[in-house]
Amino acid sequence: MDALTLLRLQLEWGADEALEEMPVARAPARPARAAQAAAPAQAAAAPAATQAARQAARGIATVPRAIGPVGTEAAAAQAAAAAGAAAGIAALHDTVAAFAGCALRATATHTVFAEGDPAPGLLIVGGPPGEDEDRSGRPFSGAAGAYLEKMLGSIGIERGQALLTPLIPWRPPGGRPPSAPEIAVCLPFLHRLIVLATPRRMVLLGPLAARALLGTAPRMRTPEWRDAELPGRAAPLPALVLPDLDALRKAPAGRREAWAALRLLRRSLDEDLTKLCVSAPA
């Protein structure tokens, strides 16, 4: 295996930094007087370290201050400002592709942006891009995309009759789930896309998309429309939650509920079309 192939393999596994075989002492040695002066500060920090250890034992993640909420909020604000300046969907695509405030962009092969036709008023939001999406740069590629096309075709909807988008534009290394800070940084772009596309209905595939846009992932036993309160929209957007496509492909038990949700979607779209025809001027 040559060096370039090995490096690509390490990136695919999620490696994002180089480590030495042995620890390297990079800080200069402190004078004895400075060490004595630092002793009270170390004693004061001991309770905080103990608390952090207790949190780790309970499974609570601790985030270093350098990459903690302050950094996330700043990056999210930068994304919101950039997204808000986009006057159209094409301009938003260019803004997302040029955005450097999310580390996922550096490890992804392609930026995966929305694709399809916003005119019919249906927006479908999936999870983060998978391997096929990252390779092609298109949302809902590969087996998952083919399965989605079959699902939509069962209720008379073609792929080109909806606007399709992933939850975030970049695939996390190794296909791991995106972290909450990563979603928070990318979410302003999705919010802006929804404002620009002006959909009448939104379908959320999987719990990640549901939590990001609804604040919760409702159970699928009784599919129903839920109001999504989104920045930049004066009125809530009706949203319908379906299971993740990979889960549906692997677990047939959830397909009955998914079929009920698809029929609800078809009826709602027909009702919307009827209302538009009635309200249109003669």
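The values are calculated or read from the model by the stated rules, or taken from the named source; none is laboratory data. As the structure is a computational prediction, the values presented were derived from the model and not from experiment. Using ideal geometry, Cβ is built from the backbone for each residue, glycine included, and neighbour counts are taken over all protein chains shown.
The table for this structure:
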| read-out | value |
| --- | --- |
| Breaking point among (1) touching a residue at least 40 places away in the same chain (Cβ under 8 Å); (2) over 17 Å from Arg249 (Cβ atoms); (3) loosely packed, with under 15 Cβ neighbours inside 10 Å, for Ala106 | (1) |
| Test: residue in region 105-126 that is part of a helix (DSSP H, G or I), farther than 19 Å from Leu204 by Cβ and touching a Ser or Thr at 6+ places or on another chain (Cβ under 6 Å) | no |
| Every residue from region 63-93 that is among the β-branched types (Val, Ile, Thr) and at pLDDT below 95 | Val63, Ile67, Val70, Thr72 |
| Options Ala228, Ala197, Ala162, Ala184: the member that is at pLDDT 95 or above, in contact with a Ser or Thr (Cβ under 6 Å, 6 or more places away or on another chain) and under 27 Å from Leu104 (Cα atoms) | Ala184 |
| Counted residues, region 77-96 - those being surrounded by 13 or more Cβ atoms within 10 Å (Cβ to Cβ), hydrophobic (A, V, I, L, M, F, W, C) and over 15 Å from Ala197 (Cα atoms) | 5 |
| Per-region count, region 110-124, residues touching a helix residue (DSSP H, G or I) at 6+ places or on another chain (Cβ under 6 Å) and surrounded by fewer than 16 Cβ atoms within 10 Å (Cβ to Cβ) | 1 |
| Whichever residue in region 142-193 is under 19 Å from Pro120 (Cα atoms) and of a type in the set (S, T, N, Q) and, among such residues, is surrounded by the fewest Cβ atoms within 10 Å (Cβ to Cβ) | Ser154 |
| Region 100-122, residues that are of a type in the set (A, V, I, L, M, F, W, C) and within 15 Å of the chain's Cα centre (by Cα) | Cys102, Ala103, Leu104, Ala108, Val112, Phe113, Ala114 |
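Here's the yes/no breakdown for (1) among the hydrophobic types (A, V, I, L, M, F, W, C); (2) more than 18 Å from Pro177 (Cα to Cα):
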residue: Leu123; (1), (2): yes, yes
residue: Glu131; (1), (2): no, no
residue: Gly142; (1), (2): no, yes
residue: Ala146; (1), (2): yes, yes
residue: Ser154; (1), (2): no, yes
